[in-house]
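Novice: Let me give you the structure first, and then I'll get to my questions.
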Amino acid sequence: MRKLALLLLGLALLPLAACSQKIPDGNADAPYLDSNNGDDWPIYGRSFGEQHYSPLADIDDKNVGRLNLAWSMDLGPGNPATQAIAVDGILYFASGLSIVHAVDARTGKLIWQYDPRVADHIVGDMRGTWGGVRGVAWWNDKIYTATADGRLIALDAATGKPVWSVQSTIKGDGRYITGAPRVFRGKVIIGQGGGDITPYRGYATAYDAETGKQIWRFFIVPGDPKKGFEQKAMAMAAKTWAAEWWKFGGGGEPWNGFTYDPETNTILIGTGNGYPWNHKVRSAGKGDNLFLCSMVAVDADTGQYKWHYQYNPGESWDYNAAMDMELADLTIDGKPRKVVMSAPKNGFLYVIDRTNGQLISAEKIAHVTWASHIDLKTGRPVENPAARFPNGQEFEMWPSANGAHSWMPMAFSPKTRLLYLPKIERGMTVSDKGIDLKNWHPGPMMGVAVNFGPNPPRPWDNSSALLAIDPATQKQRWKIDTIGGWNSGVLATGGNLVFHGQINGRLSAYAADSGKELWHFDAQNALLAAPITYRAGGKQYVTVIVGMGTSGGVFARALGGIAFDARSQKKRVLTFVLDGKGSLPSAPPPFILRPIADPSYKPDAALAAKGLPLFYVNCTLCHGWDAVAAGTAPDLRASPIPQSAEGFDSVVRGGALRENSMPRFAQFTDEELAALRQFIRSRAADFRAGKP
C-alpha cells in the first residue's frame, strides 16, 4: 500500500504534458468504441461507428439553459468549416490552409500551432478547391492532418512537431484532400477529392500510423485492362464499364466518408461520382460503372474487397456517396440487425445490413424527381427516364448536385434510437444539348459533359431543415425548419440533447426526443461544422468552429438573403460550459456589399463571353456562381484588383495572395487573362446598375 501511495503521488506530480493518453497494448480500440465513456472525442465521428453521439449527460435537457460561453478564439484567414477533436482536455483542429492548433479546452490558451505551408507546396491550378481539411484525428499521441496539396501528415500531439509526411495524391494532378483522416488499429486512412473534374482514378489508402508506410490501396474504378488489375475486384468492376473508359480516368474519389466496423474488421468507403459526369461519354451509356457512388466494404488489414452497395448505377449527376455512414444495432421487424445508415446526395436515406451489404430500406428525405423509389428486391433505383436527358432534352433534377444531404454530418443517438439529419432542398436543370458526345473532350463547365443550371423557382427551393427520423421504420418523428439552403452538422448527446447550427449564426440545443428548442446562442456567423462535446477538468464542454467556407460559398442566392464577407467575417472557436462567464464582442452590423466605381471600364460583350467559362472552371467554387460570393472568398464585383491589368496579373498568375488562400493560375495565357478580367468587370458593372 505504501508503494502504491508513493506511485500515485509521483504520478500526481508529473507535468500535464506527460499525462498523455497512451494506448495500452491489446486495447487499442478502447478510446474509439461506441461504448466508451465519452470523456474524449478523438476522431471525426467520436467513435468508430461515426455516430456523432456522446453519452455525456452532465449537460442535459434540464440544465442546458445554464449553458454559456466559456471562451472564444479568433482564427486567421481561410476556410473555417472544420471540426475539432478533444483528447485529455486538449482541443486539436485545423483551419485555414490546414494550420493545426492545439488549445487548452478549459482556458482557450494556445499550446502549439503547426503550419504545413500549403501555399509553398501547391502545384497546378487547384481549380477544385483551395482551403483546409474538415477535421483531424488522434492516435497514440499523434495528430493526423491532411492538406489541399495532397499530403497526409502525422504530428507529435505534445509538441506539434512533424513525425512523418507522405504525398497521398500525385503531386500536381489537380486533386486535393479536404476530408478528415480516420484511424483504426494502428492505421490511418485517407482519400482525395477532385476526381470528378480531373481525368484520374480515385483510391483510398491505408498507412501505418506510426511510420507512414503504405499498407494497402483500394482503387475505386478499374484502369486500362491491358495493364492488368490490382485486385480481383477491379476485374469484376471492369465488366460494368464500356468503351475505353480508362482514357477518361473514371473518377470515384472517396473524399470524405470512411467508417470502421471493429466487429467485422471492415472499412466502409463512401465513393464519389465519375469523370466526366455524363455516363454517355464516360462509358458509352452502358454499364453500372462500379464502384462509383457506392458504399464499398473492404478488409481493414488488407484492403481486399468484401461487398458493395451502389446507390446510383451509371450515375450522371454528381450524386456522390462520400457522406458520413453511421453504424448501429437496430430492431427491425422484430429482429436485431447490424446496420449502417447513409444519406448520400441523391435524396434517399438508406439502411443497409453492414455484414453483407444487403439493402433493408430506402426512403426519400427530400423532393426527388430522378427516381420514383428504390426497389427493395433488387436494391436498384426505379429511375425517371427523363433524368437521363434523352436527345439532350433538359430535365428539372431534384436534388441538385449539392445534394439533399451534403458533407455536414448527421448524428445517431442510441438512447432515442433516432437519426438527426441536416436536409437541403435545391434543384438544378441538366441536359447535354449541344455537347458532341462522340468527340467530347474536357472544356468549359469543369469538363463534366453535362449542361447544368438553376432550376425554376419552387416554394421549397433553397430551404433546409433538421429531421429526426426513426431508421428502423423510416418514419419522421420531428422537423425543424432552418434558414436558407445550407446548414450545419449535428451533435447528439446522452443528455437528451441535439446541437445544430444555422447559417444565420443561431446555435441551438433541442430536446432529442421531441425537437423542442431548449437553448440557443448567437454565434454571429454561419455554422457549418458539427459541434463536439467532451470532458476537461471534470466538466463537460461543447465546442464548435464557426464561419462560412467550403462549397457553401458557391450559391450566395441560396443563403436566405444573408450576406457574408470573406475579409471581415469573424471565424472563431466557441467553447461552452455550464455557467460559463465568457461573452462575445457586440455583433457587427449586417454586411452589405457596396459597388465601387470603375472609371476605365468599357463594355466588351464578346470578350466577357470568352471569360465566362474560364470563371466557372477556375473561380466559381470560391468566388461564387455568377461572381456573387458568399463568404468563402471576396466578392470580385466589389474588388479593385480586376480594374488594374498589372495588379490582376500579379494576383492571378503571379500568386501574390497565395498566403491568403488565393491560388496561383500560371496556366492562363494573356488572352485568357484579359477575357477573365473582362467578365469580372462586366459583372461589377451589372452590380453597379442594380442587376442581379
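Novice: Name the residues in segment 652-661 that are in contact with a Phe, Trp or Tyr (Cβ under 7 Å, 6 or more places away or on another chain), part of a loop (DSSP other than H, G, I, E, B) and at pLDDT 85 or above, would you? Even if it seems obvious, please write down each step before you answer.
Specialist: Taking segment 652-661 first, the residues in contact with a Phe, Trp or Tyr (Cβ under 7 Å, 6 or more places away or on another chain) are 652-653, 661.
Checking which are part of a loop (DSSP other than H, G, I, E, B) leaves us with 653, 661.
Passing the criteria: only Arg653.
Novice: Among the residues of segment 294-312, write down those that are within 23 Å of Gln214 (Cα to Cα) and outside any strand (DSSP E or B).
Specialist: Ala300, Asp301, Thr302, Gly303, Gln304
Novice: Could you figure out which of (1) in contact with a strand residue (DSSP E or B) (Cβ under 7 Å, 6 or more places away or on another chain); (2) at pLDDT 95 or above; (3) under 21 Å from Ile267 (Cα atoms) isn't true of Trp164?
Specialist: (3)
Novice: Part of a loop (DSSP other than H, G, I, E, B), modelled with pLDDT under 95 and surrounded by 24 or more Cβ atoms within 10 Å (Cβ to Cβ), is that true of Gly78? If you could, list the steps in order and put the result at the bottom.
Specialist: Values: part of a loop (DSSP other than H, G, I, E, B): yes; modelled with pLDDT under 95: yes; surrounded by 24 or more Cβ atoms within 10 Å (Cβ to Cβ): yes.
Yes; evaluated as a whole, the condition is true for this residue.
So that you can scan it fast, the table gives a plain yes or no per residue for (1) buried (at least 16 other Cβ atoms within 10 Å of the Cβ); (2) modelled with pLDDT under 90; (3) at positive phi; (4) not in a loop (DSSP other than H, G, I, E, B):
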{"site": "Ser650", "(1), (2), (3), (4)": "no, no, no, yes"}
{"site": "Pro663", "(1), (2), (3), (4)": "yes, yes, no, no"}
{"site": "Arg677", "(1), (2), (3), (4)": "yes, no, no, yes"}
{"site": "Ser682", "(1), (2), (3), (4)": "yes, no, no, yes"}
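Novice: Right, something else. Could you go through segment 348-361 and let me know if any residue there is touching a residue at least 40 places away in the same chain (Cβ under 8 Å), over 22 Å from Thr259 (Cβ atoms), over 21 Å from the mean Cα position of the chain (by Cα) and surrounded by 22 or more Cβ atoms within 10 Å (Cβ to Cβ).
Specialist: no
Novice: Sticking with this structure for a sec: Just one of (1) under 18 Å from the mean Cα position of the chain (by Cα); (2) in a strand (DSSP E or B) trips up Ile267, so point out which.
Specialist: Result: Ile267 fails condition (1) only.
Novice: Could you list, in sequence order, all residues of segment 81-96 that are farther than 19 Å from Ser508 by Cα and modelled with pLDDT of 95 or more? Don't jump to the end; show me each part of the working.
Specialist: First, the residues of segment 81-96 that are farther than 19 Å from Ser508 by Cα: 85-96.
Ile85, Ala86, Val87, Asp88, Gly89, Ile90, Leu91, Tyr92, Phe93, Ala94 - these are the residues of segment 81-96 that are farther than 19 Å from Ser508 by Cα and modelled with pLDDT of 95 or more.
Novice: Quickly run through segment 350-385 and pick out the residues that are under 28 Å from Asp481 (Cβ atoms) and assigned to a strand (DSSP E or B). Explain how you work it out, then say what you get.
Specialist: First, pick out the residues of segment 350-385 that are under 28 Å from Asp481 (Cβ atoms): 350-351, 361-374, 381, 384.
Those that are under 28 Å from Asp481 (Cβ atoms) and assigned to a strand (DSSP E or B): Tyr350, Val351, Ser361, Ala362, Glu363, Lys364, Ala371, Ser372, His373, Ile374, Pro381.
Novice: Also, quick follow-up: Output the strands (runs of 3 or more DSSP E) that fall wholly within segment 452-506 and possess 3 or more residues being over 20 Å from the mean Cα position of the chain (by Cα), or say none. First the steps, then the outcome.
Specialist: On the way: elements: 463-470, 475-482, 487-493, 497-502.
Result: 463-470, 475-482.
Novice: For the condition closer than 30 Å to Pro634 by Cβ, surrounded by fewer than 21 Cβ atoms within 10 Å (Cβ to Cβ) and at pLDDT below 80, what is the one hit in Ala119, Ala12, Ala17?
Specialist: Working: Ala12 fails: closer than 30 Å to Pro634 by Cβ; Ala17 fails: closer than 30 Å to Pro634 by Cβ.
Answer to the selection: Ala119.
Novice: I need a count of the residues in segment 46-83 that are among the small types (Gly, Ala, Ser), closer than 13 Å to Ala94 by Cα and in contact with a helix residue (DSSP H, G or I) (Cβ under 7 Å, 6 or more places away or on another chain).
Specialist: The initial filter retains those residues of segment 46-83 that are among the small types (Gly, Ala, Ser), namely 47, 49, 54, 57, 65, 70, 72, 76, 78, 81.
Subsequent filtering for residues that are closer than 13 Å to Ala94 by Cα retains 76, 78, 81.
Now drop any that are not in contact with a helix residue (DSSP H, G or I) (Cβ under 7 Å, 6 or more places away or on another chain), which leaves 81.
Residues that pass the stated criteria total 1.
Novice: Inspect all residues belonging to segment 555-578 and state whether any of them is of a type in the set (D, E, K, R), assigned to a loop (DSSP other than H, G, I, E, B) and crowded, with 24+ Cβ neighbours inside 10 Å.
Specialist: Taking segment 555-578 first, the residues of a type in the set (D, E, K, R) are 557, 565, 567, 570-572.
Adding the requirement that they be assigned to a loop (DSSP other than H, G, I, E, B) leaves 565, 567, 570-571.
When the remaining residues are screened for being crowded, with 24+ Cβ neighbours inside 10 Å, the result is 571.
Among the residues of segment 555-578, at least one is of a type in the set (D, E, K, R), assigned to a loop (DSSP other than H, G, I, E, B) and crowded, with 24+ Cβ neighbours inside 10 Å, which makes the answer yes.
Novice: Right, next: Can you report the number of residues in segment 164-200 which are part of a strand (DSSP E or B) and either in contact with a helix residue (DSSP H, G or I) (Cβ under 7 Å, 6 or more places away or on another chain) or without any contact (Cβ under 8 Å) to a residue 24 or more places away in the chain (or both)? Quick ask: steps written out before the conclusion?
Specialist: Pass one, segment 164-200, residues part of a strand (DSSP E or B): 164-167, 176, 182-184, 187-190, 193.
Subset that is either in contact with a helix residue (DSSP H, G or I) (Cβ under 7 Å, 6 or more places away or on another chain) or without any contact (Cβ under 8 Å) to a residue 24 or more places away in the chain (or both): 167.
Residues that pass the stated criteria total 1.
Novice: Looking only at segment 367-408, filter to residues that are closer than 24 Å to Ser283 by Cβ and basic (Lys, Arg); which one of those is surrounded by the most Cβ atoms within 10 Å (Cβ to Cβ)?
Specialist: Looking at the filtered set, the residue picked out is Arg388.
Novice: Which pairs have Cβ atoms under 7 Å, sit 6 or more apart or on different chains, and link a residue in segment 206-224 that is assigned to a strand (DSSP E or B) to one that is of a type in the set (D, E, K, R)?
Specialist: Ala206/Lys187; Tyr207/Lys187; Tyr207/Lys213; Asp208/Lys187; Ile215/Lys187; Ile215/Asp208; Phe219/Arg201; Phe219/Glu230
Novice: What tally of residues in segment 225-241 results from selecting those that are loosely packed, with under 15 Cβ neighbours inside 10 Å and either of a type in the set (Ser, Thr, Tyr) or not in a helix (DSSP H, G or I) (or both)?
Specialist: Number satisfying all stated conditions: 2.
Novice: Sticking with this one: Would you be able to say whether some residue in segment 103-113 is in contact (Cβ under 8 Å) with a residue 40 or more places away in the chain, under 30 Å from Cys622 (Cα atoms) and surrounded by 23 or more Cβ atoms within 10 Å (Cβ to Cβ)?
Specialist: Yes, there is a match, as at least one residue in segment 103-113 is in contact (Cβ under 8 Å) with a residue 40 or more places away in the chain, under 30 Å from Cys622 (Cα atoms) and surrounded by 23 or more Cβ atoms within 10 Å (Cβ to Cβ).
Novice: Look at Trp246 and say whether it is surrounded by fewer than 24 Cβ atoms within 10 Å (Cβ to Cβ) and among the aromatic types (Phe, Trp, Tyr).
Specialist: Working: surrounded by fewer than 24 Cβ atoms within 10 Å (Cβ to Cβ): yes; among the aromatic types (Phe, Trp, Tyr): yes.
Yes, satisfied.
Novice: Does Gly160 satisfy the condition of being in contact (Cβ under 8 Å) with a residue 12 or more places away in the chain and crowded, with 22+ Cβ neighbours inside 10 Å?
Specialist: Working: in contact (Cβ under 8 Å) with a residue 12 or more places away in the chain: yes; crowded, with 22+ Cβ neighbours inside 10 Å: no.
It is false that Gly160 is in contact (Cβ under 8 Å) with a residue 12 or more places away in the chain and crowded, with 22+ Cβ neighbours inside 10 Å.
Novice: Is it the case that segment 412-425 has a residue that's over 30 Å from Leu327 (Cα atoms), of a type in the set (A, V, I, L, M), touching a strand residue (DSSP E or B) at 6+ places or on another chain (Cβ under 9 Å) and not in a loop (DSSP other than H, G, I, E, B)?
Specialist: Here is the first cut: in segment 412-425, the residues over 30 Å from Leu327 (Cα atoms) are none.
For segment 412-425, residues over 30 Å from Leu327 (Cα atoms), of a type in the set (A, V, I, L, M), touching a strand residue (DSSP E or B) at 6+ places or on another chain (Cβ under 9 Å) and not in a loop (DSSP other than H, G, I, E, B): absent.
Novice: In segment 596-639, which residues are over 20 Å from the mean Cα position of the chain (by Cα), small (Gly, Ala, Ser), within 26 Å of Ile562 (Cα to Cα) and not in a helix (DSSP H, G or I)?
Specialist: Ala597, Ser639
The values are calculated or read from the model by the stated rules, or taken from the named source; none is laboratory data. In this text the structure is predicted, and so the values were computed from the model without any measurement. All Cβ positions, even for glycine, are placed from backbone atoms using ideal geometry, and neighbour counts span all protein chains on display.
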